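For reference, the structure discussed in these notes is given below.
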Amino acid sequence: MSIQVKRKGMLLIISGPSGAGKGTLCKMLLEKDKSFAFSCSVTTRGPRSGEVDGVDYHFIDEAEFQRMIEYDELLEYATVHGNLYGTPKREVDTLLKQHKNVLLDIDSQGAMSVMKKARDYVSVFILAPSMEDLKSRLEKRNAENPAEIERRMNNAYGEIEKVNLYQYAIINDDVDTAFAQLECIVNAEKQNTIRFLPTIAEA
């Protein structure tokens, strides 16, 4: 008798403070591992240079965001750096039902909400090697002004305090090393019997 394999989709939550490099690691994972689909969040902030509506985010106004909250269309939502961000529930549910692995690149507020609601998830927190390094990375971003850098640094301390609520943590000192660690986590979780279901096929 042969072994038949069924798989369930993985909900992968990746968080980390601005400047830690989670966006870069998420892009690397999506490019290399085609089993993953990216859940495109909605946000009320304007697009940054190079960002594409419907690819990086769904850029909407506050009235539409409030409508989505009212009709319970968001898996989670939060105010981050003065802007609203949320994860459309229907998109995530559809992908998981198609046995796709779903990547959520969300802040710690949103992550806590998803962790309370979801039965099965994998959560990873990305850190910079030091707070000094984190600030230096933010300063190198052309879009950031001193007031914005200070706000993001203050938020970072609160986010890092939640690291013990995640299943895994990665220090992103070298992006290739950090990505190798993320791949190890993902590959191990793909074989977790919560979602990897080998059974004996009937003759």
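Find the centroid of the Cα atoms in the range 113-147 and in the range 1-47, then give the distance between the two in whole Å. The range 113-147 and the range 1-47 have Cα centres spaced 15 Å from each other.
Listed from fewest to most Cβ neighbours within 10 Å, the set Cys26, Cys184, Cys40 follows the order Cys184, Cys40, Cys26. I'd like to know which of Asn172, Ala188, Gln109 lies farthest towards the positive end of the charge dipole of the chain, counting +1 on Cβ of Lys and Arg and -1 on Cβ of Asp and Glu. Farthest along the dipole direction, towards plus: Ala188.
Note that the range 183-196 has calculated 3J(HN,Hα) couplings of 4, 4, 4, 4, 5, 5, 5, 5, 9, 5, 6, 5, 10, 9 Hz, one per residue in order, obtained from phi through the Karplus relation 6.51 cos²θ - 1.76 cosθ + 1.60 (θ = phi - 60°); glycine and proline are x. The alpha carbons of the chain occupy a box of 68, 41, 30 Å along the principal axes, longest dimension given first.
How big is the dipole moment of the chain about its Cα centre under a simple scheme where the beta carbon of each Lys and Arg is +1, that of each Asp and Glu is -1, and everything else is neutral? Debye, nearest 20, please.
Numbers: 26 positive and 31 negative charges, 142 e Å.
Roughly 680 debye for the chain.
Which pairs, out of Lys97/Lys117; Lys27/Lys140; Lys6/Lys89, put more than 22 Å between their alpha-carbon atoms? Beyond 22 Å between Cα atoms: Lys6/Lys89. The distance between label points at Ala118 and Glu51 comes to 2.1 nm (points 7 Å beyond Cα on the Cα→Cβ vector).
Relative to the longest principal axis of the Cα atoms of the chain, helix 22-32 runs at roughly 40 degrees. Panel order for Glu73, Glu150, by other beta carbons found within 10 Å of each beta carbon, from fewest to most: Glu150, Glu73. By the helix-only formula, in which each DSSP H run with n ≥ 4 contributes -39500 (n - 2.57) and the sum is divided by residues, the chain has a 222 nm mean residue ellipticity of -12000 deg cm²/dmol. Taking other Cβ atoms within 10 Å as a rough exposure proxy, Phe125, Phe38, Phe196 sort from fewest to most as Phe196, Phe38, Phe125.
Values quoted throughout were computed directly from the atomic coordinates according to the rules given, and no laboratory measurement underlies them. The structure displayed is predicted, hence computed values, not measured ones. Here Cβ is always computed from backbone atoms with ideal geometry, including for glycine, and neighbour counts include all displayed protein chains.
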